[in-house]
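The values are calculated or read from the model by the stated rules, or taken from the named source; none is laboratory data. Quick caveat: nothing in here was measured; it's all calculated off a predicted structure. Cβ sites come from the backbone with ideal geometry, for glycine too, and all protein chains shown count toward neighbours. For the accessible areas, the whole protein counts, side chains as well, though only heavy atoms, and no ligand, DNA or RNA atoms are used. Shrake-Rupley method; radii C 1.70, N 1.55, O 1.52, S 1.80 Å.
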Amino acid sequence: MRYLPLIATFFLTFLFGGLILVQPLVFSALMFLAGTALCVGLLDLLQPKHALLRNYPLIARFRWLFEKIRPEIRQYLLESDTEAAPFSREQRSQVYARSKGENDASPFGTEQNVYAEGHEWLAHSMAARKPSETPPRVHIGGPDCSAPYSASTLNISAMSFGALSANAIRALNKGAAQGGFAHDTGEGSISVHHRRYGGDLIWELGSGYFGARAPNGRFDRTQFVDRANDDQVKMIEIKLSQGAKPGHGGVLPGAKVTPEIAEARGVEVGQTCESPPYHTAFSTPIEMMEFIADLREGAGGKPVGFKLCIGHGWQFMSLAKAMLKTGITPDFIVIDGAEGGTGAAPLELSDSVGTPLREGLVWAHNTLVGAGLRERIKIGASGKITSGFRMAANMALGADWCNTARGFMFAVGCVQSQSCHTDRCPTGVATQDPRRQRALVVPYKADRVYHFHRATVAAMQEVVATVGLDHPDQLAPEHLCRRTRDSEIQSADQVYRFLKTGELLVASNKRGRYETAWARAQAESFLPRSHAA
């Protein structure tokens, strides 16, 4: 039976050939089709690579067809509004509606299972407030910062030109300029497309030092000073790690280094670019603080901070100890969760390495509070944040503002086809193919970026008002509730331990996670105290 289609094509080829004289045009075409299928079947039977094709010639090809279209069939026909990953249809539809300026109200009540373990909500107040009409801003800049930045509570997270198309970068930056929020350049540095509309930029400086890179791949301070003092650049962000692939470097093959990418990254056209999994500008926590101070001085006093996904808790604490020892503090820290996005990453890293945002955020906030440093440093949160509630929930756990990447990708047209790594993005967002990216019309998509940002911040303000607060910086852990079991509800201050100001600096008999990690951390090394040379 498994060879029946192959045998059928054999007989049909000869049958149609014998009937050509009856209807030459029709049967010639049918003979050609049957003959083609026969040749394909014979190739399947004889090829050495695929066992299925050898055993099931022709039939097995349908398996590859159905496997190829399975994501689309599932997304459009089978999945419910609340399932699927990374983002559900409900989450995507909310972004699409807000970005188009449409009514995003949901009828007939929630589709969430409010009795499921892990369900979260904010406790509202019987003394609710009227939402503020003025979008809140966050003052970023510590005592050593002479050019602080007033940031929106929602900004565009790091996405490089090269990972995104030129038109996508332009649309994002134009929308940021319209809405008065910041656009993180990603590790690929500042391209001509970032500069086109003058939107505020956060220059991300990764281990490849693109935009400030010497020929040997190390940091070039002269180039840095030149770019960092551009008025469009508002802050400098050192990338230590990315939530979706922490501890993973990267290589951009020379074939992909176009003139535009070469100009942005400060490399030669056609030159292979390597981003090692570690920084060469510093090797200890103290050296990192000194590097931060040097960048801030070179950038004319603009805010300098860093982004990371929390790994070993004591390593983050080693940075806090270095701050205390040197007196140098970053102006901000962005915590990137393991649930964050990427154009491409090994599955092992995406699924099984890195701390999720909530736990990483609480750890960073607690460390800075316990070390008496929190008042000097602002914290940003990044990782699957697309709604006003998600913004408020992270702010209740310690964040001062939030970043989102995929939320803004949806705003410019992403349909979650998950083909970012193929250069065949169907909407022109994550591709360098000029024919595909022409589908993304910049002025129209920029308006969608602007509307999504405005509506989401407004939704966050409304949520904050229902809690009885005037500003999101008043949110606290007790406002966020979680169902931990069928019959048990806890607020975040019961789920997590929150330290008091300076608690880590005072001798204590406690031997909890924070005390143990603090004892292992040291300012002079990223290694734990017991293993340091």
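Quickly run through the range 379-400 and pick out the residues that are open to solvent by 30 Å² or more (accessible area, probe 1.4 Å) and either acidic (Asp, Glu) or within 28 Å of LYS510 (Cβ to Cβ) (or both).
ASP400
Tell me, please, whether a residue that is more than 15 Å from the chain's Cα centre (by Cα) and open to solvent by less than 10 Å² (accessible area, probe 1.4 Å) can be found in the range 337-344.
No, that holds for no residue.
Out of everything in the range 294-318 that is more than 14 Å from ALA228 (Cβ to Cβ) and aliphatic (A, V, I, L, M), what residue ends up being surrounded by the fewest Cβ atoms within 10 Å (Cβ to Cβ)?
For the range 294-318, the residue satisfying everything is LEU308.
Using the structure shown, decide if LEU361 is within 21 Å of VAL138 (Cβ to Cβ) and either assigned to a helix (DSSP H, G or I) or in contact (Cβ under 8 Å) with a residue 60 or more places away in the chain (or both).
So LEU361 passes the test.
Does SER157 satisfy the condition of being open to solvent by less than 30 Å² (accessible area, probe 1.4 Å) and modelled with pLDDT under 95?
no
If we only count helices (runs of 4 or more DSSP H) wholly inside the range 212-310, which ones have 2 or more residues that are at pLDDT 95 or above?
221-228, 285-298
Condition check: open to solvent by 90 Å² or more (accessible area, probe 1.4 Å) and either without any contact (Cβ under 8 Å) to a residue 60 or more places away in the chain or small (Gly, Ala, Ser) (or both). Does PHE62 satisfy that?
Yes, satisfied.
Output the residue which, of all residues in the range 230-270 that are closer than 23 Å to ALA345 by Cβ and free of Cβ contacts under 8 Å to residues at least 24 places away in the same chain, is most open to solvent (accessible area, probe 1.4 Å).
If we take residues in the range 230-270 being closer than 23 Å to ALA345 by Cβ and free of Cβ contacts under 8 Å to residues at least 24 places away in the same chain, then ALA255 is most open to solvent (accessible area, probe 1.4 Å).
May I ask you to list the residues in the range 83-103 that are among the polar types (S, T, N, Q) and either touching a His at 6+ places or on another chain (Cβ under 7 Å) or under 19 Å from CYS420 (Cα atoms) (or both)?
Answer for the range 83-103, where residues must be among the polar types (S, T, N, Q) and either touching a His at 6+ places or on another chain (Cβ under 7 Å) or under 19 Å from CYS420 (Cα atoms) (or both): SER88, SER99.
Test each condition in (1) among the β-branched types (Val, Ile, Thr); (2) within 22 Å of GLY372 (Cβ to Cβ); (3) in contact with a Gly (Cβ under 9 Å, 6 or more places away or on another chain); (4) open to solvent by 10 Å² or more (accessible area, probe 1.4 Å) for THR326 and report the one that comes out false.
Here THR326 clears every test but (3).
Out of the range 178-198, which residues are among the small types (Gly, Ala, Ser) and either in a loop (DSSP other than H, G, I, E, B) or within 20 Å of GLU263 (Cβ to Cβ) (or both)?
Answer for the range 178-198, where residues must be among the small types (Gly, Ala, Ser) and either in a loop (DSSP other than H, G, I, E, B) or within 20 Å of GLU263 (Cβ to Cβ) (or both): GLY180, ALA182, GLY186, GLY188, SER189, SER191, GLY198.
May I ask you to say which residue of LYS68, LYS49 is open to solvent by 80 Å² or more (accessible area, probe 1.4 Å) and modelled with pLDDT of 85 or more?
LYS49
For the range 32-46, which residues satisfy the criterion of being open to solvent by 70 Å² or more (accessible area, probe 1.4 Å) and free of Cβ contacts under 8 Å to residues at least 24 places away in the same chain?
Within the range 32-46, PHE32, LEU33, CYS39, LEU43, LEU46 meet the criteria.
Please indicate, with yes or no, whether at least one residue in the range 320-342 is under 21 Å from ALA492 (Cβ atoms), free of Cβ contacts under 8 Å to residues at least 40 places away in the same chain and not in a loop (DSSP other than H, G, I, E, B).
The answer is no, given that none of the residues of the range 320-342 is under 21 Å from ALA492 (Cβ atoms), free of Cβ contacts under 8 Å to residues at least 40 places away in the same chain and not in a loop (DSSP other than H, G, I, E, B).
So which helices (runs of 4 or more DSSP H) stay within the range 422-533 end to end and still have 2 or more residues that are open to solvent by less than 30 Å² (accessible area, probe 1.4 Å)?
It comes to 442-466, 513-520.
For GLY343, indicate whether it is over 25 Å from ALA147 (Cβ atoms), at pLDDT below 95 and touching a helix residue (DSSP H, G or I) at 6+ places or on another chain (Cβ under 8 Å).
So GLY343 passes the test.
Residue by residue through the range 160-185, note down the ones that are closer than 16 Å to GLY343 by Cα, at pLDDT 95 or above and open to solvent by 30 Å² or more (accessible area, probe 1.4 Å).
Matches in the range 160-185: none.
Quick check, is PRO24 open to solvent by 40 Å² or more (accessible area, probe 1.4 Å) and more than 30 Å from GLN418 (Cα to Cα)?
yes
Evaluate the range 319-331: report whether one residue or more is more than 23 Å from PHE410 (Cα to Cα), of a type outside the set (Asp, Glu) and touching a strand residue (DSSP E or B) at 6+ places or on another chain (Cβ under 8 Å).
Within the range 319-331 (the criterion being more than 23 Å from PHE410 (Cα to Cα), of a type outside the set (Asp, Glu) and touching a strand residue (DSSP E or B) at 6+ places or on another chain (Cβ under 8 Å)), the answer is yes, since at least one residue qualifies.
Can you work out which of the residues in the range 192-213 that are among the small types (Gly, Ala, Ser) and surrounded by 24 or more Cβ atoms within 10 Å (Cβ to Cβ) is nearest to the chain's Cα centre (by Cα)?
Only one residue tops the list, namely GLY206.
Quick one: PRO276 ticks every box in (1) crowded, with 19+ Cβ neighbours inside 10 Å; (2) closer than 24 Å to VAL225 by Cβ bar one, so which box is it?
For PRO276, the exception is condition (1).
Of all residues in the range 1-14 being in contact (Cβ under 8 Å) with a residue 12 or more places away in the chain and open to solvent by 60 Å² or more (accessible area, probe 1.4 Å), which is farthest from ALA60 (Cα to Cα)?
LEU12
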